[in-house]
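The values are calculated or read from the model by the stated rules, or taken from the named source; none is laboratory data. Note that the structure is predicted; figures quoted are calculated from it, not measured. Backbone-built Cβ (ideal geometry, glycine too); neighbour counts: all protein chains shown. Side chains included, ligands, DNA and RNA excluded: accessible areas come from the protein's heavy atoms. Shrake-Rupley method; radii C 1.70, N 1.55, O 1.52, S 1.80 Å.
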Amino acid sequence: MGRIKELSRKPARTRKRNPVVYLICEGSETEIRYFKHFRSRGCNIDIIPISSQYKSADRLVQKAKATMGNNPYYPDEGDSIWCVFDRDDNSNEVLLRAKQSAQKEGYHLAYSNPSFELWFLLHFVNQQTEVEDCQALIRLLKQPGRLPDYEKNKDYFDVLKPLQSTAIQRAKTRAGQLQNQDIEPISRQSNPLTTVWELVEYLNSRI
């Protein structure tokens, strides 16, 4: 009887919890709209995009830390945090602070220089030369044969998906070039560069 009574006090078995991937995104439209597509019924992770509204890279990382204070976050159970942001007007000093803070907290960075649209552009062309800013990237993206109707509030995931592996390879190659040149990726000097491919590969490995 004692043994049965002891077992009855144990909590009922619950469904195994999926690891959670928190995406702290600088924008509220383009990035979040894109990454929501990685969520599916068969996915063995929960993807939660969160808009930060901060353009300053170091404040975005701080937002990630504050967000985790109000959400269940268990790295030992596979949870992870990715901070997704662009170069914008961030100085090298601010970018370095963001990188150091993220490393200290165990967060990952998906950085684009000059902007997230570079990730989209790489699906169509192997962009190797410097691009001034986001608007210049959008002009390149709108060229014939690419995304001529591109707008930040539109969804292009299905159009881009067949070309995703090509974009990953191009982004990887560019990252390797910068490494060989001893150029810090999380800096203004890395233009053009996007490390979004690391996040995409990670999500693809879990779905």
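Do we have ASN204 as of a type outside the set (Ser, Thr, Tyr), under 23 Å from TRP82 (Cα atoms), modelled with pLDDT under 95 and in a helix (DSSP H, G or I) here?
Considered against the rule, which asks whether it is of a type outside the set (Ser, Thr, Tyr), under 23 Å from TRP82 (Cα atoms), modelled with pLDDT under 95 and in a helix (DSSP H, G or I), ASN204 comes out as yes.
Looking at segment 89-103 only, could you name the residues that are touching a residue at least 40 places away in the same chain (Cβ under 8 Å) and surrounded by fewer than 18 Cβ atoms within 10 Å (Cβ to Cβ)?
Result: SER91, ASN92, LEU96.
Please list, ordered by residue number, the helices (runs of 4 or more DSSP H) wholly in segment 28-142 having 3 or more residues that are in contact with a helix residue (DSSP H, G or I) (Cβ under 9 Å, 6 or more places away or on another chain) and under 28 Å from SER165 (Cβ atoms). Reasoning before the result, please.
On the way: elements: 30-35, 57-68, 92-105, 117-121, 134-141.
The qualifying helices (runs of 4 or more DSSP H) are 30-35, 117-121, 134-141.
Here are some conditions: (1) closer than 23 Å to LYS63 by Cβ; (2) not in a strand (DSSP E or B); (3) not aliphatic (A, V, I, L, M). ASP182 meets all but one. Which one does it not meet?
All conditions pass for ASP182, except number (1).
Being under 20 Å from LEU95 (Cα atoms), touching a strand residue (DSSP E or B) at 6+ places or on another chain (Cβ under 8 Å) and open to solvent by 60 Å² or more (accessible area, probe 1.4 Å), is that true of even one residue in segment 171-187?
Scanning segment 171-187 turns up no residue that is under 20 Å from LEU95 (Cα atoms), touching a strand residue (DSSP E or B) at 6+ places or on another chain (Cβ under 8 Å) and open to solvent by 60 Å² or more (accessible area, probe 1.4 Å).
Scanning segment 74-88 for residues that are crowded, with 16+ Cβ neighbours inside 10 Å and aromatic (Phe, Trp, Tyr), which turns out farthest from SER115 (Cα to Cα)?
Residue satisfying both the conditions and the ranking: TRP82.
All but one of (1) over 24 Å from LYS172 (Cβ atoms); (2) at pLDDT below 95; (3) open to solvent by less than 70 Å² (accessible area, probe 1.4 Å) hold for THR30; which doesn't?
Every listed condition holds for THR30 apart from (1).
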